[in-house]
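Everything on this sheet refers to the single structure shown next.
The values are calculated or read from the model by the stated rules, or taken from the named source; none is laboratory data. Computed from a predicted model, the values in this text were never measured in an experiment. As a convention, Cβ positions derive from the backbone with ideal geometry for all residues, glycine included, and neighbour counts pool all protein chains shown.
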Amino acid sequence: MFKRSLSLVVCSAAIVLGSQAQAQFAKPEDAIKYRKNALFVMQQHFARLAAMAQGKAPYDAKVAADNAAIVASMAVLPWAAFGEGTDKGDTKAKAEIWKDKDGFKQVNDKFLVEVSKLKTAAGTGKLDDLKAAVSATAASCKACHDDYRAK
């Protein structure tokens, strides 16, 4: 019960902080750095899950659940940092993000749904559940990268 309550508090705080983050950036470079770092941390924890799902690392249900919880917490943070003026500079973000805001939001919403499923699957303690969720989440990441991230 405590873990579930703590998880709810962490996710709620991440949503609130993520939605307020855009107003807190002093300059576009700060927003770019913020989103890149949030995405980097998320990717590092997702990679641990992917390694387990692919048999490249031993499966550990607790480690999987912990990493999925981190991915879920981090997943809400980067999107507020795609504000106006953050399309230039040290970024691989394509102009399509700002030209097609609705499409970008749709792929991000889909990603957040998949991350939620990933967290649930990791919590079951079943490797097969984790494998399916990792695959779906990775496909969601790829969909965004294909359309909105420069190579």
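Computed values, structure above
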{"quantity": "Residue in segment 19-31 that is in a helix (DSSP H, G or I), buried (at least 16 other Cβ atoms within 10 Å of the Cβ) and at pLDDT 95 or above present", "calculated": "yes"}
{"quantity": "Residue match in segment 76-93 (condition: closer than 22 Å to Asp146 by Cβ, aliphatic (A, V, I, L, M) and free of Cβ contacts under 8 Å to residues at least 40 places away in the same chain)", "calculated": "no"}
{"quantity": "Unique residue being free of Cβ contacts under 8 Å to residues at least 24 places away in the same chain and either among the polar types (S, T, N, Q) or over 18 Å from Pro28 (Cβ atoms) (or both) when the list is Lys56, Lys119", "calculated": "Lys56"}
{"quantity": "Inter-residue pairs, beta-carbon under 6 Å, first closer than 20 Å to Ala68 by Cβ and in segment 136-151, second surrounded by fewer than 17 Cβ atoms within 10 Å (Cβ to Cβ), 6+ apart", "calculated": "Ser140/Lys110"}
{"quantity": "Whichever residue in segment 44-64 is within 15 Å of the chain's Cα centre (by Cα) and under 18 Å from Gly123 (Cβ atoms) and, among such residues, is surrounded by the most Cβ atoms within 10 Å (Cβ to Cβ)", "calculated": "Leu49"}
{"quantity": "Asp102 being touching a residue at least 40 places away in the same chain (Cβ under 8 Å), surrounded by fewer than 13 Cβ atoms within 10 Å (Cβ to Cβ) and not aromatic (Phe, Trp, Tyr)", "calculated": "no"}
{"quantity": "Subset of segment 105-151 [among the β-branched types (Val, Ile, Thr), crowded, with 16+ Cβ neighbours inside 10 Å and under 23 Å from Lys94 (Cβ atoms)]", "calculated": "Val107, Val115, Thr137"}
{"quantity": "Helices (runs of 4 or more DSSP H) completely within segment 71-151 that count 3 or more residues being at pLDDT 95 or above and hydroxyl-bearing (Ser, Thr, Tyr)", "calculated": "127-148"}
